[in-house]
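J.: Have a look at the structure that comes next, please.
The values are calculated or read from the model by the stated rules, or taken from the named source; none is laboratory data. These figures come from a predicted structure and were not determined experimentally. Methodologically, a virtual Cβ is constructed for each residue, glycine included, from the backbone with ideal geometry; neighbour enumeration extends over all protein chains shown.
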Amino acid sequence: MKKEFALIIGLALVVLVGLFTYILKDVPDYKISLLNEVFYEPLENYTLTETEQESFVENSNMGLKMPIPSGWLVKKIEGLGVDSKGVKEGAIAIYSPDSEVNEATSIAYKGCGISVRCQTSQKEKQFHIIASAIEDIQTGNEIVGSELISVSGMDALWEIVLDEEEIGKAIMVSLPIDDKVYIFETVLPPLERERCDREFRDFLTKIEVAKK
């Protein structure tokens, strides 16, 4: 179960478009076929609201609301896919005011960046795999590099996806609900690890996810 979980998560869940490409560049074609069964929430379903009091991104289809920290930039990341009607699928990324972003990868190499996406899987049903991992940890079993964290009052899976000196530490938090998986990701730059880890954890405490 643990080996199976690690393999599928390592292949199918990645941090932003650039890291997605980086991790998969040497993966055999038969494993990449698993990814073709994954579908992401269309970008057009995300809306940004800005008022004098607050800014937030909302997706009523997902029952998701995310307060945006003051001064942070919101960007839609395209390229994760296009559905049968030509609707672009992707992720929402937010960056701290002092961030510097690699335009080719959408990864912040200075400052902090966070991405959010929602996916469904037609074959492997990733929400079942993640839910099983959460249940394992809840019952006292350990999964190396993983822990539970609360998102909108529900247990989500916190996982270290990648840890490399040049890129930094990639963190993925997965929340399975019904047939969907809500995914929150960040890359902690080598010189910003502690600060960006705090920003990410604080961001997660303010997310609202409404079950349907």
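J.: For N45, only one of the following conditions fails: (1) closer than 22 Å to A210 by Cα; (2) of a type in the set (S, T, N, Q); (3) modelled with pLDDT of 90 or more. What is its number?
T.: Exception for N45: condition (3).
J.: Here's something else I'd like to know. Find the strands (runs of 3 or more DSSP E) located wholly in segment 67-177 whose residues include 1 or more that are under 13 Å from the mean Cα position of the chain (by Cα), at negative phi and at pLDDT 90 or above, and list them. Spell out how you get there, then give the answer.
T.: Working: elements: 73-82, 88-95, 100-102, 107-110, 113-121, 146-151, 154-164, 168-177.
Here the list reads 88-95, 113-121, 146-151, 154-164, 168-177.
J.: Another question, if that's okay. Does V181 satisfy the condition of being within 23 Å of N61 (Cβ to Cβ), free of Cβ contacts under 8 Å to residues at least 40 places away in the same chain and part of a strand (DSSP E or B)?
T.: On the way: within 23 Å of N61 (Cβ to Cβ): yes; free of Cβ contacts under 8 Å to residues at least 40 places away in the same chain: no; part of a strand (DSSP E or B): yes.
Here the answer is no, as V181 does not meet what is asked.
J.: Can you name every residue in segment 192-212 that is part of a loop (DSSP other than H, G, I, E, B) and within 16 Å of Y95 (Cβ to Cβ)?
T.: Of the residues in segment 192-212, the ones part of a loop (DSSP other than H, G, I, E, B) are 192, 206-207, 210-212.
Result: E192, single match.
J.: Against the definition (in contact with a helix residue (DSSP H, G or I) (Cβ under 7 Å, 6 or more places away or on another chain) and over 25 Å from I129 (Cα atoms)), how does P189 come out, yes or no?
T.: Yes.
J.: If the requirement is being without any contact (Cβ under 8 Å) to a residue 40 or more places away in the chain and among the aliphatic types (A, V, I, L, M), which of these qualifies: V173, V209, V151?
T.: V173 is the lone residue from the list that is without any contact (Cβ under 8 Å) to a residue 40 or more places away in the chain and among the aliphatic types (A, V, I, L, M).
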